[in-house]
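The values are calculated or read from the model by the stated rules, or taken from the named source; none is laboratory data. Computed from a predicted structure; not experimentally measured. Please note: Cβ atoms are built from the backbone with ideal geometry, for glycine as well, and neighbour counts cover all protein chains shown. When the accessible area is computed, the model is the full protein with side chains, heavy atoms only, and any ligands, DNA or RNA have been set aside. Shrake-Rupley method; radii C 1.70, N 1.55, O 1.52, S 1.80 Å.
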Amino acid sequence: MSVQEYLDKHMLSRKIEDAVNAAVRAKTPDPVLFISNHMRKAVPSVITKVRARQILDSRGIPTVEVDLYTNKGMFRASAPSGAPSGLYEAIELRDGDRGTYLGNGVSRAVRNINEKISEAIVGMDPTLQNQIDQAMIDLDKTEKKGELGGNAILAVSIAACKAGAAEKEVPLYKHIADLSGRGNHVLPVPAFTLISGGKHAGNNLAIRDIMILPIGARRFEEAMQMGSETYHHLKAVITEKYGAHGCNVGEDGGFAPNISSFREGLDLVKEAVGRTGYNDKIKIAIDVAATDFCIGTKYDLDYKSPNRSGQNFKSGEDMVEMYKELCRDYPIVSIEDPFDMEDWEQVKHFSGLGICQVVGDGLLMSNSKRIERAIHEHACNALLLKVNQIGTVTEAIEVVKMAKDAQWGVVISQRSGETDDSFIADLSVGLATGQIKAGAPCRGERLAKYNQLIRIEEELGDQASYVGDDWRQS
């Protein structure tokens, strides 16, 4: 397109004349700046360039970062990463060359953005999120985004979402709320990781996380204070009992003392909470990630202890009884993945007991088909949403709607491999999920999310609403 054709298409000659006249009427001291700002508002923004690169996540493993340009500026996003199973989730496209980053490079995904996705979406309106995401899905042509890479598609999708908010001149969370058709903006209850185990830490604890939920706080900022103070009291408790070496941390910042029993970890957290004086305001959640230690139909709670592995097997029925006892003895209000990802019968039975929130992570994989099945079979009552498992902002909005229509809770979640991108903070507010799981109240890539929520609460001012006791049904 020639310059003259571009001017004619967008009627720029007339708009420039209008901008000059407006500057004269305003008697502005800086007419060039005034005209520039006037033209930015007068000319619809389109995506002009998309550029991707390989960066490292919080584990030192490559991931994808995207810079997406419109005439409003540059908008950056990066894809988080976990330990993908490849079964039901969007595929992370990696290079597989063991000689470079041990096979974990993402240069193929980067190339797909720079050479294919860029060509498909340049010229599109950044406010039309659904059309942008659909263009990438159509270009990929696979069910699990294996051609272009879920990591490539997601990074572009998030960057486009940020650009769309800028084009509308609204905060990101407000743009997301508009896309989802929701009007209420609520600050979620944070699920702070205090103790890490499972595959996220080098201790002998089988379960993945022990977390706290400050549901008794009046504001999100107060919830952050409760989480931080409890975290530091826990550090003191662990140091007293196990020495300073017990304060090593797992991948998302939780302490990893060399403990092996659920109760030992829960007792540590309970003592730390007691020292804060917040006893009645803080509840406990656990991420069991039981698939990691399920062997056949049995669960090996000592799978990380070579000398004892195989001596502490539990059946599904045994696990149900154990959870019932733990919920009786500790203020546990949420259990994530209490059984193997394919053990639908046990999770359905346990969820039906109504003891606590039962969160589906591995069970669901943020996959719409598995969510639909779980809703139909009453297999759990909360969705753990990991945006990289589903691959686009549009699809994330859709599965959250499915969960909320079923009266489920929704937890927006981090991944073990994170970056300083704070997108999920805005996503949790925009979709009014009521819960966010972003790791410990330490480490920069985790605090990027929590600190953004503090800023959002400040920006909302008197309109800010912390979900608190209504964390399940925001």
Using a Förster distance of 41 Å, the FRET efficiency for residue 114-residue 279 (Cβ separation, nearest 0.05): 0.15
Rounded to 10°, Cα long-axis angle of helix 262-276 versus longest principal axis of the chain: 70
Whole-Hz couplings from phi, Karplus 6.51/-1.76/1.60, listed for the stretch 223-240; x for Gly and Pro: 4, 4, 4, 4, x, 5, 5, 5, 4, 6, 5, 5, 4, 5, 4, 5, 4, 5
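What does the net charge come to around residue 25 if you take all other residues with beta carbon closer than 14 Å to its beta carbon, with K and R at +1 and D and E at -1?
Values: positive: 27; negative: 17, 18.
Result for the neighbourhood of residue 25: -1.
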Any idea how far apart residue 61 and residue 147 come out in nm if each label point goes 7 Å out from Cα toward Cβ? 2.6
May I ask you to give the percent of accessible area on the chain that is carbon plus sulfur, with a probe radius of 1.4 Å? 49
What length, rounded to one decimal in nm, is gained on full extension from residue 169 through to residue 353, with 0.36 nm per residue of separation minus their alpha-carbon distance? 61.5 nm
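How much FRET efficiency would the formula 1/(1 + (r/R0)^6) give for residue 297 and residue 462, where r is the Cβ-Cβ distance and R0 is 56 Å, rounded to 0.05?
Efficiency, from the Cβ-Cβ distance: 0.55.
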Taking every DSSP bridge whose two residues both lie in the chain, the antiparallel percent to the nearest 5 is 55
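Could you rank the peptides 455-465, 161-171, 371-381 by their average count of other C-beta atoms within 10 Å per residue, with the highest value first? Each step should come with its number before you reach the end.
Values: 455-465: 14.3, 161-171: 20.8, 371-381: 19.2.
The peptides rank, most packed first, as 161-171, 371-381, 455-465.
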Options (1) 1.22; (2) 0.96; (3) 1.05 for Cα Rg over 2.2 N^0.38 Å; the value derived from the coordinates is listed as (3)
